[in-house]
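First comes the structure, then the notes that go with it.
What follows is calculated from the coordinates using simple rules that are stated; it is not laboratory data. Just so it is clear, the structure is predicted and the values come from calculations on it, not from any experiment. With ideal geometry, Cβ positions are generated from the backbone for all residues, glycine too; neighbour counts draw on all protein chains shown.
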Amino acid sequence: ETMASRLHRLRRPLLLSRFPVAPLSKGMPFLSSLGAEVQRRGIKTGDVYDRAQKSMGPLIIVSAYTNIDTLAHQPRGDNSNFGFYVYRINTNSGALTLLSVQQGILNPAFSRFHPTKNLMYAATESIHENGLVYTYSLNVEDGTLTEVSQQDAGGASTCYLTVDREENNMLFVNYWDSTLGTFPLADGKPVDNVKLIETKFDAGDAATKPKPAPKAGEQRKHSLNDPDTAAERQSSAHAHSIVLDPYMGTTAYVPDLGQDCVHQYHFDEKTGALSHKGKIKADATASGPHGPRYIEFHKKLNVAYLINEMSCCVSVFKFDPKAVEDIHAGGDSPSLEQIQAISTVPDGFPTMYNTCGRIAIDPTGNYVLVSNRGHDSIAVFKILGKKGGMLSRVGFFHTRGCTPRHFAFDESGRYLIAANQDSNLISVFDFNPANGVLSHTGNDYVVPSPNFICAPSLSLN
């Protein structure tokens, strides 16, 4: 064993804090980290820790649920006193130092940084009220977030945000009532001119009536995957994300969990209008329910990867740029052709006890990763460039907690941070780009009901 590998194996998390921090233990779940200490002491928003470490590395922003009773699903973690926890990552060890926390926002559940400006957008999640899109500026020295604006999204449980190629519009979807739309951006800030449309339950027929919020205790929680829950989830449309094509940026793809399809829309960059241009089956190789959630396009290959939340599989599609040109010209050609479906869980594991969360392509473009909520793992797949981007399985890696709702790479691609929603825990892993293997760094931090990891670019940090 080399000295370098020995040091790598023996390294331990570095927790820099003005509070004493006890090791993680089952008997002391909340007095075992700095995040727990912040919760217990009720520290004011924006308090900063270890300013001397400001040059240590880039920032990692974790969002957390603050009121789980208002969600379509039912986390088993705890309500958080803070919507955001801002950390700095040590790029030598993967250790995180908590810099600041942020109150004043209900259930931030999806975040996105502006491509070129120091602005972070965050969408709120609730089935009882319209979602809001918050805009924050980030102090890269001390990690504090300053609210810039709020924008009503016009529907419940806002769950995805996309900035268009020209940075003039924000596209968004609302999961609960399956509405989607756009609003313009002025210098990165939302302008109150929302163009909202409703997803058709059948694109050729009448629109679905907006789904009313259930009374307390009436709804079947959407985190389950038994047949009855699956049937209820697919009794109406549920748009789950909106992603623009990588070729022209004018075709918007909307995975619809309720209809087992991906809708195509033409996106008018000048007006922000969305026009329906057909739909594509989530998985034509097997019967559903599939529950498509997110879609990711490769940056260099003409291939897209769709994660099916309920059937626990990745659908691989060949992407056709010429079809995008046709859609832009007014046609409705299907731009995705399925070439593979591959399971995200071991063959012997019942999909009834799992739902999929995030799908991502690693920074090298060589691997696809998917989080399994139930199997509590991240499945890693090798991208086979010589086979058109089809996938082969690398392995499954436990996330050190329950229900990994989200994960993200730091900008270097070396570290992966997983949000274990139902264990009140985030965990940091080493990612080996040579073989796709994830190794736990030993760095775990308590965050109540973490649901999203946002890693701003190094240029901003």
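Less than 5 angstrom separates the built amide H of residue 131 from those of 153, 154, 155, 156, 157, 158, all sequence-distant by 5 or more or on a different chain.
Legend: residue pairs 189/270; 270/299; 279/300, Cα-Cα distance threshold 21 Å; pairs beyond threshold, 270/299; 279/300.
Simple rule: put +1 on each Lys or Arg Cβ and -1 on each Asp or Glu Cβ in region 211-362, find the dipole, and look at 261, 306, 272; the Cα lying farthest toward the positive end is 272.
For region 134-205, the equivalent ellipsoid built from the Cα gyration tensor has semi-axes of 27, 13, 10 Å, listed from largest to smallest.
Between rounded, prolate and oblate, where does region 247-314 land on the alpha carbon gyration tensor, with a ≥ b ≥ c its root eigenvalues, rounded for a/c under 1.5, else prolate if a/b exceeds b/c? Judged from the Cα gyration tensor, region 247-314 comes out oblate (a/c at least 1.5, b/c at or above a/b). Near the amide H of residue 447, within less than 5 Å, lie the amide hydrogens of 425, 426, all on another chain or at least 5 residues away, with H placed in the peptide plane. The HN-Hα couplings worked out from phi for region 97-106 by the Karplus form 6.51 cos²θ - 1.76 cosθ + 1.60 (θ = phi - 60°) are 10, 6, 9, 8, 9, 9, 9, x, 9, 8 Hz, whole numbers, x standing for Gly and Pro. Region 317-333 and region 92-160 have Cα centres lying 34 Å from one another.
For region 261-349, a crude dipole built from +1 on the beta carbon of Lys and Arg and -1 on the beta carbon of Asp and Glu, taken about the Cα centre, is about 80 debye to the nearest 20.
Shape verdict for region 282-438, please, from the Cα gyration tensor: rounded (a/c under 1.5), prolate (a/b greater than b/c) or oblate. It comes out prolate by the Cα gyration axes. Coupling constants for region 408-415 follow from the phi torsions by the Karplus curve (6.51 cos²θ - 1.76 cosθ + 1.60, θ = phi - 60°), and in residue order they are 7, 7, 6, 4, 6, x, 7, 10 Hz; glycine and proline get x. Between region 258-279 and region 404-454, the C-alpha centres lie 33 angstrom from each other. Taking label positions 7 Å along the Cα-Cβ direction at both residue 103 and residue 128, the computed distance is 2.0 nm, reported to one decimal. Between the amide H of residue 303 and those of 298, 319, distances stay under 5 Å, these residues lying 5 or more places away or on another chain, with hydrogens modeled in the peptide plane. Sorted on the mean count of surrounding Cβ atoms within 10 Å across their residues, most packed first, peptides 90-103, 383-396 read 90-103, 383-396.
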